[in-house]
Amino acid sequence: MKKFTAFLAAAMLCIAFGACGSQSGTPAETKPIFTDVVASTQPKLDGAVPRTGGDILGKSTQTLADAGITIPEPQPVTNDKTGLWRYTKIADNHDFNAYALDYYKTYFQNDDEVHVIINTETKTTTVVFRILARLDVTVYAYSEGEETDASTIAKGDRIAEYYIYTEDGEIEKVFG
């Protein structure tokens, strides 16, 4: 009876975790156990990205021109192996989130790029990239000379992170 119980327990684990049925050393294709439960509890996107529940701070509706901000054309980051990183330097005390959506529309050439804005006035480095239908805007403490190489850029302490939704410009605080 003990052998049968051990066999039954092993078979149940094998089925539950998908460890059975693999051929020639390759893992068996597995399907998450709770797929139907998870799928039924996820919000339907219908073109809109669900909010994470953070504080909504306002909207990114200001244009660079309205803010009176001139931003030098973003340049490639030295030693960036992806070819997708761009950086620029500004000296400004405006809240970047207020015009981040306009910055994105003006300077991003495609949605795979990552932009780094070094602000010498606030001594911060802001990293902006698009994921789904929102911008991820993360602010780091600036480290002197970090922009000289991809291995050193945006390595300071994370100060804050925001999501800016591209459909309506809402700014959601994620961290900080």
Hey, what do the phi angles of the stretch 132-141 turn into as Karplus ³J(HN,Hα) couplings, whole Hz, using 6.51/-1.76/1.60 and θ = phi - 60°, x for Gly and Pro? 6, 9, 8, 9, 9, 10, 10, 10, 10, 5
Potential lengthening between E121 and D66 on full extension [0.36 nm per residue; Cα-Cα distance subtracted]: 17.9 nm
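I'd like the trypsin sites (Lys or Arg not before Pro) in the stretch 49-102 restricted to DSSP loop residues with at most 14 other Cβ atoms within 10 Å, sorted by number. Walk me through the intermediate numbers first.
Working: sites: R51, K59, K81, R86, K89; in loops: R51, K81.
Within the stretch 49-102, the qualifying trypsin sites (Lys or Arg not before Pro) (loop, at most 14 other Cβ atoms within 10 Å) are R51, K81.
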Hey, rough spin-label estimate for A141 and I56, points 7 angstrom out along Cα→Cβ, what's it come to in nanometres? 3.4 nm
Per the charge dipole of the stretch 36-169 (beta-carbon charges, Lys/Arg positive, Asp/Glu negative, Cα centre), the residue among I117, G53, Y87 reaching farthest to the positive end is G53
What residues qualify as long-range amide H neighbours of T122, i.e. H under 5 Å apart, gap of 5 or more or another chain, H built at 1.01 Å from N? D92
Tensor-based shape of the stretch 56-175 (alpha-carbon gyration tensor, a/c under 1.5 rounded, otherwise prolate or oblate): rounded
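Every number in this text was worked out from the coordinates using simple rules, so none of it is lab data. Fair warning: this is a prediction, and the values are worked out from it, not measured in the lab. Ideal geometry is used to build each Cβ from the backbone, glycine not excepted, and the neighbour counts take in all protein chains shown.
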